[in-house]
Amino acid sequence: NLAESVAIVIAIIMLVMGFRAGVLIGSSLLFSIGGTLLLMQFLGEGLNRTSLAGFIIAMGMLVDNAIVVTDNAQQAMLRGVARRQAVIDGANAPRWLIAIFSFLPLYLAPSSVAEIVKPLFVVLGLSLLLSWGLALTQTPLFGDFMLRVKPAAHDPYDTKFYRKFDRLLAGLLRWRWGVVAGVVALFALSLAVMGLMPQNFFPSLDKPYFRADVLLPEGYNIRDTERNLRLMEEWLH
């Protein structure tokens, strides 16, 4: 699932932003995931369903910084800015790192559920931190060699799509109080719908599990599996 999500993200970026930009952003994604796996090993965090879910959740977020840097550099080069200066200016956009802290409550919560979802914050925190660092270093450096954009004859934002989008934004700003009321109404509706949904963070277990703190008997040897099983059976009986 992780490999498929990486391939899908890179393929979509290549289709939307071009092959060179896709390779540049995809390399940042691979470096972020590889670096996260390495740091997880150093911290003693294993791969499990929660940590893999963290990777898949972060997949769409890891490329954001690299996309911002690359897109800003491409747009600047379309306006005639030199490639080196364009990638430097593009790296000034994602200087602030705040997304990691939105997942901090998962790590700090004092409940039993938090013990299960703590790897989620570890994976997201490490991967987003690496993604941010790579967007400020690796993406501009590689972009200076890889990006090839010819200056456009006109303003790249002077197109039919952006003109329509500009008129839409102007209308929303003109009717700003109606927009605010609509947002508040949608928020209230979402709260009402959320109250109708079943509140179950984890599905119910269909297998009987129990936990017991065992005082190990004298002569217990962790390497002697056969003897340990016999001692455990005697203790249970």
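For region 77-99, give me each residue that is in contact with a Gly (Cβ under 9 Å, 6 or more places away or on another chain) and either modelled with pLDDT of 80 or more or basic (Lys, Arg) (or both).
The answer is 83, 86, 87.
Return a yes/no flag: does region 29-40 have any residue that is among the aromatic types (Phe, Trp, Tyr) and crowded, with 16+ Cβ neighbours inside 10 Å.
For region 29-40, residues among the aromatic types (Phe, Trp, Tyr) and crowded, with 16+ Cβ neighbours inside 10 Å: present.
Please name all residue pairs, on different chains or six or more residues apart, with Cβ atoms under 9 Å, provided the first residue is in region 77-105 and is charged (D, E, K, R) and the second residue is modelled with pLDDT under 75.
Hits for this filter: 79/151; 79/152; 79/155; 79/156; 83/149.
Identify, from the list 147, 136, 120, the residue that is farther than 18 Å from residue 58 by Cα, modelled with pLDDT under 85 and open to solvent by less than 30 Å² (accessible area, probe 1.4 Å).
Just one listed residue meets the conditions, 147.
The values are calculated or read from the model by the stated rules, or taken from the named source; none is laboratory data. Please read all numbers here as calculations on a predicted model, not as lab measurements. All Cβ positions, even for glycine, are placed from backbone atoms using ideal geometry, and neighbour counts span all protein chains on display. What goes into the accessible areas is simple: the full protein's heavy atoms, side chains included, and nothing from ligands, DNA or RNA. Shrake-Rupley method; radii C 1.70, N 1.55, O 1.52, S 1.80 Å.
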